[in-house]
């Protein structure tokens, strides 16, 4: 097994119980002003494509017009040490380690980090339709946790998160279909559920919102005159295999396991497999549709 990584355990039992029952937890002022300032500078470097690499280099932009073309940057950790450090931030890893498997009877808090995204979301750019993150990042024990970090103040006007509390409880993945709403980007929308209990999660800069991978959530169009930036990270149980994307030739889905992960808390029982280089990921910049933009 890998070495044991000790992380702070700062959440109360009431906070853990709230997460288990409702599927989300809000941690106000989780990141300091200084950390947010550093992240803003890194988002600027990423959006200007100052890093080497086929997906994020291209023609480097010298002014701010580039920002107004970007909805999201996927997998920035592949080129950004700052984002990788955030993924391993002890207080964040500690909170996730208390929550991800709190519904499991023998949970020991072993966590790996698997993905990152930066949302720029300029004025009049769309949000993401109702969905569940487990539809995109599958786990075997319902342990996926998304961490949504507000870089700018997020409110209803600029497209904050909306959730349906408790919608994770059944462990059911709702079907998805195409949509024609201008409020959303080109991703499909989940359907077949009641949205009357949906609530907005307005959040000040530095707030972290943690939510279960089965929780239904969405965001709407940014109707403000400024950016609504956020960073989203994903974590899961180290005991769970990650059958993500196409398996190797001849490999059974049941034992498929993507190893482009970072061990961040506790022990990794699959350490004997080794780790694939995250820098070999393919980060890409997305406009208002699902395609990479030049």
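The values are calculated or read from the model by the stated rules, or taken from the named source; none is laboratory data. All values reported here derive from a predicted model rather than from experimental measurement. Counting neighbours? That spans all protein chains shown, and the Cβs are built from the backbone with ideal geometry, glycine included.
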Original post:
When both residues are 6+ apart or on different chains and their Cβ atoms are under 8 Å apart, which pairs have a first residue that lies in segment 70-88 and is without any contact (Cβ under 8 Å) to a residue 40 or more places away in the chain and on the phi < 0 side of the Ramachandran plot, and a second that is surrounded by fewer than 20 Cβ atoms within 10 Å (Cβ to Cβ) and in a loop (DSSP other than H, G, I, E, B)?
Top reply: 80/51
Original post:
Got a number for residues in segment 91-129 being buried (at least 24 other Cβ atoms within 10 Å of the Cβ), assigned to a loop (DSSP other than H, G, I, E, B) and at negative phi?
Top reply: 4
**OP:** Restricting attention to segment 156-170, report how many residues are out of contact with any helix residue (DSSP H, G or I) (no Cβ under 9 Å at 6 or more places or on another chain) and surrounded by fewer than 16 Cβ atoms within 10 Å (Cβ to Cβ).
**Re:** 3
Original post:
Scanning segment 235-281 for residues that are in a helix (DSSP H, G or I) and modelled with pLDDT under 90, which turns out surrounded by the most Cβ atoms within 10 Å (Cβ to Cβ)?
Top reply: 278
**OP:** Answer yes or no as to whether residue 71 is at pLDDT below 95, surrounded by 14 or more Cβ atoms within 10 Å (Cβ to Cβ) and touching a strand residue (DSSP E or B) at 6+ places or on another chain (Cβ under 6 Å).
**Re:** yes
**OP:** Being assigned to a loop (DSSP other than H, G, I, E, B), at pLDDT 95 or above and out of contact with any helix residue (DSSP H, G or I) (no Cβ under 6 Å at 6 or more places or on another chain) is the filter here, so list the residues in segment 11-53 that pass it.
**Re:** 12, 23, 28, 29, 30, 31, 32
**OP:** Would you mind telling me which numbered condition in (1) on the phi > 0 side of the Ramachandran plot; (2) more than 19 Å from the chain's Cα centre (by Cα) residue 176 fails?
**Re:** (1)
Original post:
Given the residues 198, 208, which is the only one that is surrounded by 21 or more Cβ atoms within 10 Å (Cβ to Cβ) and modelled with pLDDT of 95 or more?
Top reply: 208
**OP:** Please list, ordered by first then second residue, the pairs with beta carbon atoms under 7 Å, 6 or more apart or interchain, first in segment 235-249 and over 17 Å from residue 117 (Cβ atoms), second at pLDDT 95 or above and surrounded by fewer than 15 Cβ atoms within 10 Å (Cβ to Cβ).
**Re:** 238/269; 239/269
